[in-house]
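These notes concern the structure reproduced below.
Please treat every number below as a calculation from the coordinates, not as lab data. This structure is a prediction, so every number in the text was calculated from the model and none was measured. Cβ coordinates were reconstructed from backbone atoms using ideal geometry, including for glycine residues, and neighbour counts include every protein chain displayed.
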């Protein structure tokens, strides 16, 4: 059975925490385990509402729907949340303009990792070769990087780095990215919002995880360091050891 450690914090600059997360190391419906992180956006309390609503909708559908495949269920529940957020925003002025990123993951007992993502919240796998980003950001600066007009280093400090091009609740039709990869013994999964990656570089995240005596300490240290560097945004992360039964026996 996997073991995970989750942390979320409003950071040092934001008055509220608009991130929301969910982590289950045990089977939930058709999922052998399930990890979800969302980063809400919008005025008033709409960002908080969008992130919590989306995560709770996905987790709720996972508990009650056993007729679909894992990928179909993730896509169905995210599109359902998208449609419902659109309807709620149209009916309630305080919710206008709300939306949320989301990254969802589940890892099979054989070590196959399934990832669904919308927006710029990320999933990484820390391998022996370093930190590998599995998700692809849906953001304006990522489009610039893909086009070759700016470098990844320039994207980190670009004035429009927080502009995302895809979000749950933003458009009538939602497109969800899916990726699959193998995770091997000794490797660690990291889900996080940009409150972490905006403060720490990939190599710094790698050094903290590898230099920690256990994943719980690593989670605490990542959160503390992101705040120490400025904590400009809400910070959320989930660290997962999918092979804990093997590595801790």
Under a Gaussian network model of the chain whose springs join Cα atoms within less than 10 Å, the largest fluctuation of 65, 233, 33 belongs to 65
Say each of residue 220 and residue 162 gets a label point 7 Å from the Cα, pointing the same way as Cα to Cβ; how far apart are those two points in nm? 3.0
Using a simple spin-label model with points 7 Å from Cα along the Cα→Cβ vector, what separation in nm is obtained for residue 210 and residue 132? 1.6
So how do 184, 158 line up by other beta-carbon neighbours within 10 Å, fewest first? 184, 158
Calculate, for residue 30 and residue 154, the FRET efficiency according to 1/(1 + (r/R0)^6) with r their C-beta to C-beta distance and R0 30 Å; round to the nearest 0.05. 0.10
Which of 206, 165 comes first, and how do the rest follow, when ranked by fewest Cβ neighbours within 10 Å? 165, 206
Cα Rg, Dmax (largest Cα-Cα span) when computed across the chain, Å: 17.2, 54
If I take every Cα pair under 8 Å that is 6 or more residues apart in segment 3-244, average their sequence separation and divide by the length, what percent do I get for the relative contact order? 27
For the chain, calculated [θ]222 nm from helices alone, where every DSSP H run of n ≥ 4 adds -39500 (n - 2.57): -10500 deg cm²/dmol
Taking r as the C-beta separation of residue 179 and residue 68 and R0 as 22 Å, the FRET efficiency to the nearest 0.05 is 0.75
Based on Cα coordinates alone, diagonalise the gyration tensor for segment 48-185, multiply each eigenvalue by 5, take square roots, and list the semi-axes in whole Å, largest first. 26, 24, 10
Given Cα pairs under 8 Å that are at least 6 residues apart, what percent is the relative contact order of segment 80-125? 27
Which residue fluctuates most in the GNM of the chain (Cα springs below 10 Å): 170, 83, 155? 155
I need 36, 114, 94 ordered by Cβ neighbour count within 10 Å, fewest first. 94, 114, 36
Alpha carbon centroid spacing (whole Å) that separates segment 140-165 from segment 172-249: 22
